[in-house]
Amino acid sequence: MEVLSPCHALLNNLPCQLDAYDIVISKKLPRIAFFNKEPFKLRLISLDFKRQAVLDTLTMANNGLVHDVFKDLDQAESYVHYTGLDNMICH
């Protein structure tokens, strides 16, 4: 999920301010509840891979943190929230 405009949310029942260009990645997105008074925009991208090897090669590269999130064997709701990307690094 890419945040396109600032908003306030609860990620797994924890309050979080999401700023423009923040990214949240997960094997299964955590429970998210938005409580913004102003309109906001998000971009949601979903990828479905049939084979774990393809996922490992294309999306994880050498990033151990991302690898652990996607290989989460206990099926916990884990995610990575990238913030501070207001210089459009993610583009």
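The values are calculated or read from the model by the stated rules, or taken from the named source; none is laboratory data. In this text, all values refer to a predicted model and were calculated from it rather than measured experimentally. Please note: Cβ atoms are built from the backbone with ideal geometry, for glycine as well, and neighbour counts cover all protein chains shown.
Would you say PHE40 is more than 14 Å from HIS81 (Cα to Cα) and surrounded by 15 or more Cβ atoms within 10 Å (Cβ to Cβ)? Yes: the conditions hold for PHE40. Scanning region 4-38 for residues that are of a type in the set (S, T, N, Q), assigned to a loop (DSSP other than H, G, I, E, B) and free of Cβ contacts under 8 Å to residues at least 24 places away in the same chain yields a total of 1.
Can you confirm whether region 47-57 contains a residue that is surrounded by 14 or more Cβ atoms within 10 Å (Cβ to Cβ), at pLDDT below 90 and touching a His at 6+ places or on another chain (Cβ under 9 Å)? Yes, region 47-57 contains at least one residue that is surrounded by 14 or more Cβ atoms within 10 Å (Cβ to Cβ), at pLDDT below 90 and touching a His at 6+ places or on another chain (Cβ under 9 Å).
Selection within region 4-37: residues that are over 11 Å from the mean Cα position of the chain (by Cα) and small (Gly, Ala, Ser). The member of this set that is farthest from GLY84 (Cα to Cα) is ALA33.
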